[in-house]
Amino acid sequence: MAHRLNTNRQFMIGNGILAFAVIIVVVIFVYMSLRAGAGKQAVRNYQEVYTICLVKGFAGEPVEVHINDSVIYNNVVSDEPLTIEVKRFAEESALLIVDKETEGVSTFNLSEMGGTYRFAKDNEGVKLLAQ
């Protein structure tokens, strides 16, 4: 019995070295992700304007108008035509018109160049009118 192995001590030292290595790897990845994300913080301003006109069939109806996830209008349309002007605020934009009585949702893609969009409502739903 000249040499006695101390396996518990060796196991604890091995686990300590492994834990230290994991902590260093996590710190390196967090540092790299924070450094990479710092350059993408710039806020982009757009000059384009969307003009949304609710022309026909909306009078007296409760309507919600959304662009992407932002509520632009949420009220009863008192008189027609209702015109809403919104400055573009995102790279790509989608317009959602929600009829609150029927819970119907109509979705339209908006151009990157801005523009005027006219809508009419009938029995089949909301339709984009030709410009």
When Rg is the radius of gyration of the Cα atoms in the chain and Rh is its Kirkwood radius, what does Rg/Rh come to? 1.50
How many lysine pairs are close in the chain, with Cα atoms under 26 Å apart and the two 8 or more places apart or on different chains? 10
In a shell of Cβ-Cβ distance under 11 Å around Ser111, excluding Ser111 itself, what net charge do Lys and Arg (+1) and Asp and Glu (-1) give? -2
What are the ³J(HN,Hα) values, in whole Hz, obtained from phi via the Karplus relation 6.51 cos²θ - 1.76 cosθ + 1.60 with θ = phi - 60°, for each residue of segment 59-76 in sequence order, with x given for Gly and Pro? 4, x, 9, x, 9, 10, 10, 10, 10, 6, 10, 9, 7, 9, 8, 8, 6, 8
Protection proxy (average C-beta count within 10 Å per residue), highest first, orders 17-24, 64-71, 92-99, 78-85 as 92-99, 64-71, 78-85, 17-24
Dipole-positive endmost among Asn123, Ser70, Phe29 within the chain (Cβ charges, Cα centre): Phe29
Helix 7-38 against the longest principal axis of the chain: what's the angle in degrees, Cα atoms only, rounded to the nearest 10? 30 degrees
Once amide H atoms are placed 1.01 Å from N in the peptide plane, what residues at a sequence separation of 5 or more from Tyr117, or on another chain, have their amide H within under 5 Å of its amide H? Thr51, Ile52, Cys53
Under a Cβ-only charge scheme (Lys and Arg +1, Asp and Glu -1), can you give me the dipole magnitude of segment 70-131 about the Cα centre, in debye to the nearest 20? 140 debye
What base-10 log of the normalised intensity I(q)/I(0) is obtained for segment 88-131 from the Debye formula, alpha carbons as equal point scatterers, at q = 0.33 Å⁻¹? -1.26
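The numbers here are math on the coordinates, done by the rules we state, and not lab data. Predicted, not measured: the structure shown is a model, and the values here were computed from it. Neighbour counts run over all protein chains shown; Cβ positions are idealised from the backbone, glycine included.
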